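Written below as structure tokens is the structure these notes are about.
The values are calculated or read from the model by the stated rules, or taken from the named source; none is laboratory data. This structure is a prediction, so every number in the text was calculated from the model and none was measured. In this analysis, Cβ positions are derived from the backbone assuming ideal geometry, glycine residues included, and neighbour counts consider all displayed protein chains. Heads up: the accessible areas ignore ligands, DNA and RNA and are worked out on the full protein's heavy atoms, side chains in. Shrake-Rupley method; radii C 1.70, N 1.55, O 1.52, S 1.80 Å.
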Amino acid sequence: MKAKIDPERVLFTRNPMIYGQFLEHFHRQIYGGIYDPGNPLADEDGFREDVLEALRRIRVPVIRWPGGCYVSAYHWQNGVGKRRVPSYDKAWRTEESNAFGTDEFIRLCRKLECEPYICTNAGSGGPEEMSDWVEYCNLPKEGRHARARIENGFTEPHRVKYWSVGNENYLDGEIGSKTAEEWGPFVREAAKMMKRVDPGIQLSAAAVADTDWNAHLLKNAGRWMDWISIHGYWDELWQENRPAGYEQCIARTDDLDRDVRRVRGLLTAFGLEKKIRIAYDEWNLRGWHHPRVDDAPLGDRDFIAARDLNDDNATYTMADAVFSACFLNMLLRNADVVGMANFAPAVNTRGLIFTYDRGIVLRPAYYVFEMYTQLMGDEVTDCFTRETPVMKAADRFGRERAPEQVDIAATRHSGDGSLAVSMVNKHPRDAVEVFLSGIPSGRNTELRALTGTGPDAFNAPGITGARPETRNDLLSRGEDGALRVSLPPHSVCVLTARE
Ligand code: AHR
């Protein structure tokens, strides 16, 4: 196939927050995950040093917290101060110690030098509680909540810029769910109070790619909003943990931009496309497994134990890596409207990083983030492809899809003009040659390739099935000056071309 990039034609500058992460109080993400006081691998504040180091390597720009569904019954005041009283978590039906709260989250973000993004309780909570949280975090000293923060040892405000109203409140199963008619006015009132406490905050609100929901939301609250949140999980495993196989996952890359297109269209229809950005603030190929959360009887612990199934490393394969790279490429192509995205979650459950007592595992998709955050540029440039082979693949419901075999996104570093082109070969077995023109001659080219021992390759303690390597042997120059790149099957490659 052929690809032509035009490095002079910069389409947009991407926001680095598209490489963000998410952490929820769910199973082993926080406790026994990133936060594990007493573990020999934890630092003086209880954070796992090995996890922090891995997160620093992927230059995490922003973390969304504390949920997810968890936040819809979370009262932030339980998680601050010297005396933390455990409470019952009505979202996930476990006991929450409240040991990790706002101040611990901010400390984590400071250690990673990333932006905190707080999602508020729009389920059992209301505008008053949300705006009190803004006061606690952002006011220098005015008000009892700001003064409580000072008493808790934080004389300087936490300066949290990114906030959102609610999480998935459109779902019946969400605690305190709302109808489309209720949601718009609710967000408007919450936003008004939050911004009266700190007009400098940027605000999002829970949404879905649904015309009715968004029309009510934007009409009532559009003037207060800076972001609109949507979520995406393609392999839904909430009740039954039967992860889709490689080709079934690849089939779903067919329509990755569907929801972005829909939300973009509505923003445009309301004349808000320049004002409001999309925050894709939860996304993952695999949905989390948390069966029977509504109806498991008291005393039945199996429904909690079932959450361990999320952490079977053998189920995170090159499918996750290839899918994630295609998703990030889609975000780059839509970087004019998508300004933030948060992989859900960062640690354990379906995360990029798996923790165990003696160390961590970096799952294949982790390396996609490593390659993209370290190598891809901040400017998205024009890229035109021809003769792209098309695959045939059925998704897990048996629906035939026809995704293109190769996904390419081209970028440039504004600082030094160097180029970085991501090329994903989705085919499970076949290599493919890409003839790439537009890279000025005389550049130093290098190819980083994330490949696996097979499409189902995975990483686990003592097993490395997938990892990136420098593979300049896959590059050659054709007679017409085009660069010939041989993409291995089921691989994610980033070509860099420096002066
Ligand atoms: O399945 C996990 C949940 O997924 C998160 O809490 C929620 O926000 C999302 O639907």
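Among all residues of the stretch 200-210, there is at least one that is out of contact with any helix residue (DSSP H, G or I) (no Cβ under 6 Å at 6 or more places or on another chain), within 16 Å of the ligand (Cβ to nearest atom) and open to solvent by 10 Å² or more (accessible area, probe 1.4 Å). Residues that are open to solvent by 30 Å² or more (accessible area, probe 1.4 Å) and among the aliphatic types (A, V, I, L, M) are absent from the stretch 159-167 altogether. Of all residue pairs spaced 6 or more apart or on separate chains, those with beta-carbon atoms under 8 Å, a first member in the stretch 167-185 that is within 21 Å of residue 280 (Cα to Cα) and small (Gly, Ala, Ser) and a second member that is away from the ligand (no atom under 12 Å from the Cβ) and in a loop (DSSP other than H, G, I, E, B) are 173/294; 180/210. On the basis of being open to solvent by 20 Å² or more (accessible area, probe 1.4 Å), more than 16 Å from the ligand (Cβ to nearest atom), more than 22 Å from residue 288 (Cα to Cα) and at pLDDT 95 or above, does residue 143 make the cut? Here the answer is yes, as residue 143 does meet what is asked. Here residue 133 qualifies as of a type in the set (Phe, Trp, Tyr), open to solvent by less than 10 Å² (accessible area, probe 1.4 Å) and away from the ligand (no atom under 16 Å from the Cβ).
Conditions tested, residue by residue: (1) of a type in the set (Lys, Arg); (2) surrounded by 21 or more Cβ atoms within 10 Å (Cβ to Cβ).
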{"position": "4", "(1), (2)": "yes, no"}
{"position": "23", "(1), (2)": "no, yes"}
{"position": "31", "(1), (2)": "no, no"}
{"position": "48", "(1), (2)": "yes, yes"}
{"position": "64", "(1), (2)": "yes, yes"}
{"position": "76", "(1), (2)": "no, yes"}
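Each row is one residue, and each column tells you yes or no for (1) aromatic (Phe, Trp, Tyr); (2) within 16 Å of the ligand (Cβ to nearest atom); (3) out of contact with any Leu (no Cβ under 8 Å at 6 or more places or on another chain); (4) modelled with pLDDT of 95 or more.
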position: 30; (1), (2), (3), (4): no, yes, no, yes
position: 37; (1), (2), (3), (4): no, no, yes, yes
position: 42; (1), (2), (3), (4): no, no, yes, yes
position: 56; (1), (2), (3), (4): no, no, no, yes
position: 66; (1), (2), (3), (4): no, yes, no, yes
position: 72; (1), (2), (3), (4): no, yes, yes, yes
position: 75; (1), (2), (3), (4): no, no, yes, yes
position: 78; (1), (2), (3), (4): no, no, yes, yes
position: 81; (1), (2), (3), (4): no, no, yes, yes
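Only one of the numbered conditions (1) over 24 Å from residue 116 (Cα atoms); (2) buried (at least 24 other Cβ atoms within 10 Å of the Cβ) is not met by residue 348, and that is (1). Selection over the stretch 249-270 of residues that are closer than 12 Å to residue 285 by Cβ and either hydroxyl-bearing (Ser, Thr, Tyr) or not in a helix (DSSP H, G or I) (or both) gives a count of 2. The single residue among 259, 336, 255 that is within 16 Å of the ligand (Cβ to nearest atom), more than 30 Å from residue 32 (Cβ to Cβ) and not hydroxyl-bearing (Ser, Thr, Tyr) turns out to be 259. Applying the criterion of at least 2 residues that are surrounded by 17 or more Cβ atoms within 10 Å (Cβ to Cβ) to the strands (runs of 3 or more DSSP E) found wholly in the stretch 401-499 leaves 406-412, 419-425, 432-437, 444-452, 466-470, 483-487, 491-498. Candidates are the residues of the stretch 94-110 that are open to solvent by less than 40 Å² (accessible area, probe 1.4 Å) and among the charged types (D, E, K, R); the one that is farthest from the ligand (Cβ to nearest atom) is 103.
For the stretch 211-230, taking the residues that are in contact with a strand residue (DSSP E or B) (Cβ under 7 Å, 6 or more places away or on another chain) and assigned to a helix (DSSP H, G or I), the one that is farthest from the ligand (Cβ to nearest atom) is identified as 224. May I ask you to list the residues in the stretch 260-274 that are open to solvent by 30 Å² or more (accessible area, probe 1.4 Å) and in contact with a Gly (Cβ under 8 Å, 6 or more places away or on another chain)? Of everything in the stretch 260-274, just one residue is open to solvent by 30 Å² or more (accessible area, probe 1.4 Å) and in contact with a Gly (Cβ under 8 Å, 6 or more places away or on another chain), namely 270.
Taken over the stretch 285-308, residues that are within 15 Å of residue 353 (Cα to Cα) and either open to solvent by 70 Å² or more (accessible area, probe 1.4 Å) or more than 14 Å from the ligand (Cβ to nearest atom) (or both) amount to 1. Just one residue in the set 369, 343 is under 25 Å from residue 421 (Cα atoms) and within 16 Å of the ligand (Cβ to nearest atom); that residue is 343. Selection of the stretch 231-248 for residues being part of a loop (DSSP other than H, G, I, E, B), within 12 Å of the ligand (Cβ to nearest atom) and crowded, with 20+ Cβ neighbours inside 10 Å yields only 237. Residues considered: 91, 42. Of these, the only one that is over 30 Å from residue 406 (Cα atoms), among the aliphatic types (A, V, I, L, M) and touching a residue at least 40 places away in the same chain (Cβ under 8 Å) is 91. Answer with yes or no whether residue 190 is touching a residue at least 24 places away in the same chain (Cβ under 8 Å), assigned to a strand (DSSP E or B) and under 13 Å from residue 123 (Cα atoms). No, not satisfied.
If you check 453, 355 for being over 23 Å from the mean Cα position of the chain (by Cα) and closer than 30 Å to residue 306 by Cβ, only one passes: 453.
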